[in-house]
1. In 10 Å bins starting at 0, how do the alpha-carbon pair distances of the stretch 351-414 split up by percent?
2. If you average the C-alpha positions of the stretch 312-354 and of the stretch 442-478 separately, how far apart do those two centres end up, in angstrom?
3. Tell me, in nm to one decimal, what length is gained between residue 474 and residue 322 on full extension, where the rule is 0.36 nm per residue of separation less the Cα-Cα distance?
4. In whole Å, what are the extents of the stretch 165-293 along the principal axes defined by its C-alpha atoms, from largest to smallest?
5. Cross-link list 104/239; 104/220; 239/330: which exceed 26 angstrom alpha carbon to alpha carbon?
6. Please list the equivalent ellipsoid semi-axes of the stretch 340-468, computed as the square roots of five times the alpha-carbon gyration tensor eigenvalues, in descending order and whole angstrom.
7. State the extension gain, in nm to one decimal, for the chain segment bounded by residue 227 and residue 7, taking 0.36 nm per residue of separation less the distance between their alpha-carbons.
8. What percent does the relative contact order of the chain come to when contacts are Cα pairs within less than 8 Å and at least six residues apart?
Amino acid sequence: MATAPQMLAVRNPRSGKVDHKIAVSSRAEVAEKAGSLRANQPAWEALGVEGRCGVMARWLGAVKAQAVAIGEADAHDTGGCHTSYLQGFITMGNIGGWLEDAPKAFAALDYDAMSSSMPSVRVQSQLVAYPLTGVISPWNAPLMLALLDAVPALFAGSAVLLKPSEVTPRVIEALFETVRQVPELAGVFDYVTGPGEVGQAVIEEADTICFTGSVPTGRKVAVACAERLIPCNLELGGKDPCIVTASADLERAATAVLRGAVYATGQVCYSVERVYVHRSIHDDFVALLVERAAEVRLNADNPRAGHIGPFTHPPQGAIVARHISDAVRKGAVLRSGGTLEDIDGGLYLRPTILTNVDHTMLIMQDETFGPCLPVMAYDDEDEAVRLANDTQFGLTASVIAGTADEAEAIGRRLNAGGIFLQDTFLTFAKLRTFGTDSFGWSGYGAPRIGPESLRRFLRRKSLLTQTGEVADIRNDHHLGDDK
């Protein structure tokens, strides 16, 4: 008699109530699904990139038909800001972009040439996909961040086993309703559910791993992959700074910083988490920032109308509260917000601005992941750069100055993979074309954005053909004379 699966409660972030449950995938189920995907993968890879594009185009049609429902599920999972409702359409853009980019990416990675060191040898490439890619995705932007890895892996010819966060499983269920409409895709794309030990089981089955999440968990993933000698790509946290120079337009700077810090409740890895403002404009900037922050509304009454939603995961709210409390205890001045609010079961925080902060405070060192803006004054450019670079992280950074040239000069001195000049939150501008590396603790492995990110799922084989005469060891005069 089969044992009933363990069930896991799923909380609604807006009501605080449990309104969904998921079955925890057993170790045997993970192995079974991995084995099935692995068995189907050779035929998937044999389709070639053009054949896979044909299948993925059909999937795009299925997603298009369900785009609104997918967005509703994402909003249910996360608590819903307007971006959540667009996730079905963002998924369409992801798939559609790779339909255009994948053939070109394969062509760019291919080669067929004569060797420069041995001119009679022809060297040809063969791109071989990892049979099974494991994707472990987080609770913030649960669909987008899962597919940022899964979609290119599928285009590369790999099968994919996804383990979404147990906090936000509804949108993945909605997505796989579309996957099952395309049998060829369903044979190489599946998912398992449950807590961290299910992710560990995926690592034990896969040939390469893509993980998005916290630094502590990322370390564990890296160790587990190292023990199996399989590659991993890690997209981890950030503590992203923004420098505002004395010459900056205050209206522009305040508008950009506020959006960069509180968008999606600050639950974005490249949110602005530290602000450094030249002392000569510090007070005026803070006053304007406080004024603007007062106009930001919670979306408790209408998830489509407000600016800040509830915390998706209550423990994150507790982390944010601890950072605020630590800062105030060490001398920070709270200028707005700062208090968690329970509204009809949802946990909210209004834009929280702090001044008189320093680098002894958690809110200036550890990832906060909430709508907080700690603002610190600096006296000269060298100090601003030193403070911005005083971190273990290096995901993105922003500079807002009087001119683009001034901003660029400072940006080139900052240690981060993406530098936003004259604005914040510009990551989406490089999704289709440009890949970047994460610095420090913010990530490990090849870029996950842009056509070059396809390389993460491929191994390159070289076929070397001797077109001339075979060398005869008896005629090799470099061996010397042993007499």
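The values are calculated or read from the model by the stated rules, or taken from the named source; none is laboratory data. From a predicted model like this one, the values you see are computed outputs, not experimental measurements. Here the Cβ is made from the backbone with ideal geometry for all residues, glycine too, and neighbour counts use every protein chain on show. The area values use the complete protein model at the heavy-atom level, side chains included, leaving out ligands, DNA and RNA. Shrake-Rupley method; radii C 1.70, N 1.55, O 1.52, S 1.80 Å.
1. In order of increasing distance, the bins hold 18, 51, 30, 1 percent.
2. 52
3. That pair, residue 474 and residue 322, stretches by 47.1 nm at full extension.
4. Ordered largest first, the stretch 165-293 gives principal extents of 59, 37, 23 Å.
5. From 104/239; 104/220; 239/330, over 26 Å: 104/239; 104/220.
6. In descending order, the three semi-axes are 37, 22, 15 Å.
7. Contour length minus the Cα-Cα distance gives 76.2 nm.
8. Dividing the mean separation by the residue count of the chain yields 18 percent.
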